[in-house]
1. Which whole-number value in Å³ per residue fits the convex hull of the alpha carbons of the chain?
2. Please name which of Leu216, Leu199, Leu237 has its Cα lying farthest along the dipole of the range 169-290 towards the positive end, using unit charges on Cβ (Lys, Arg +1; Asp, Glu -1) and the Cα centre as origin.
3. To the nearest 10 degrees, how steep is helix 99-109 against the longest Cα principal axis of the chain, on a 0 to 90 scale?
4. Gain in length, Asp207 to Arg152, computed as 0.36 nm per residue apart minus the alpha-carbon separation, to one decimal in nm?
5. In nm, to one decimal, how far is the Lys112 label point from the Leu76 one, both placed 7 Å along Cα→Cβ?
6. Which percent of Cα pairs goes in each bin when the distances of the range 169-290 are cut into 5 angstrom slices starting at zero?
7. Whole angstrom only: what separates the Cα centroid of the range 217-286 from the Cα centroid of the range 1-42?
8. Mind pulling the angle between the C-alpha long axis of helix 166-195 and the longest principal axis of the chain? Nearest 10 degrees, somewhere in 0 to 90.
Amino acid sequence: MQQIGFIGLGRMGNPMASNLCKKGFELLVYDVNPRAIAAFGQLNAEPATSIADIARACDIVITMLPSSAQVEAVVLGAQGLLAHGRAGQLILDMSTIDPNTTDLLAERASPKGISVVDAPVGRLASHADRGESLFMVGASAEDFERVLPLLRAMGTTIHHCGKVGAGMRTKLVNNYLAIVSCQLNAEALALAQRFGLDLEKTLEVIDGTTAFNGQLRMNWPTKVLKGDISAGFTIDLAHKDLSLILDAANKAKVPMPVAAAAREMFSAARAGRYAQSDFSAMIDVLCDLAAIEKPRLAASGIQTPTARE
C-alpha cells in the first residue's frame with residue numbers, strides 16, 4: 001500500500017484525513033498545531049515532525065491549507081515537498097487557492113518527475129464530516145486514476161474537470177455562484193422581513209419558481225434560518241474566495257461587477273463580529289444594518305433534501 005501524507009488538519013482537513021484512516025489508508029500527518037496532530041493518535045496515522053519528513057516518506061502527499069501563500073511555502077519552500085521529494089511522487093492539493101499558483105506548482109514539479117493534482121472541495125464541512133464531499137479535479141488521466149481511491153474515501157461526488165488547474169478554476173466559478181447567492185438571498189429575505197411576509201410561505205413560493213437556489217433549499221434552512229451561524233464555511237473564507245475570483249477574473253480580462261459589490265458587503269461583515277460566522281449569516285448582517293428582526297424558521301419548518309450534484 002502506498003504511504004499517504006496529509007498536511008493541514010483544520011476544519012476541512014481533519015475529517016478528510018480521519019475518513020482516509022477509517023477506510024484503511026496509512027497516513028503520516030502534519031499540522032502547525034500540535035493538538036491537531038495529537039487528535040490522530042487513535043487512528044491509523046503517524047505524526048510527522050516536519051514537512052520534509054512527509055516528503056521523504058510518502059508516495060502521495062495531500063495538502064489542505066488556507067491560502068495560496070501557505071501552499072507555496074509547503075510545496076516550494078526550502079524545507080518543502082519539492083526540495084525533499086523524489087520522482088514518482090504525487091502532490092494532491094485540495095486547498096482553494098489562486099489557479100495561477102496551481103499552474104506554478106505543476107510547472108516546478110514536472111522537471112523533478114513529481115505530479116500535481118488539484119482537487120478543491122465542494123460542499124460544506126458538515127459534508128466532509130460524513131465523507132460526502134464533492135471534488136473538482138484537475139489532472140492527467142493517469143494521475144486522476146491514481147488519486148481516485150483517495151477521493152472516494154473522502155467524498156461521494158468526483159468530477160474530472162480537465163488538466164491540472166481545471167479543478168481550481170471550476171471551484172472559483174462554483175464558489176462565485178454560491179457566495180453571491182448568499183448576498184442575494186440576504187437582501188431578498190431582509191426585504192421580505194421588512195414587508196412583514198411569512199417566511200415559510202415566502203420560501204415555499206421561491207422554491208416553486210426559477211428564483212430558487214441551492215443555498216435557500218439546502219443550506220440556509222439548516223443553518224441561519226434555524227438560528228445556527230456556527231461556521232460551516234466562514235464569512236472570512238467567503239471573502240477570501242471572492243478576492244481570488246476577482247483576481248483571476250481581472251487576469252482573464254472578465255469584468256465581474258456583481259462579485260465586486262458582493263465582496264464589499266462581505267468586507268463589511270468581516271470587519272464586525274461576523275468574520276468567523278457561517279456565510280449564511282449575511283442575512284443577519286443585513287438585518288442588523290436595517291434594524292430588522294432576523295428571519296427564523298419554526299422548529300417544524302421546511303425540510304430540506306440532502307446534498308446532491
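1. Taking only Cα atoms, the chain has a hull volume of 138 Å³ per residue.
2. Farthest towards the positive end: Leu237.
3. Between the helix axis and the principal axis of the chain, the angle is about 10 degrees.
4. 16.6 nm
5. Spacing of the two 7 Å Cα→Cβ label points: 1.2 nm.
6. 2, 11, 22, 24, 19, 14, 6, 2, 0
7. 28 Å
8. Relative to the chain, helix 166-195 is tipped by roughly 20 degrees.
Just so you know, all these numbers are worked out from the coordinates, no wet-lab data involved. None of the values given here were measured: they were computed from a predicted structure. Glycine also receives a Cβ, built like all others from the backbone with ideal geometry; neighbour counts cover every protein chain displayed.
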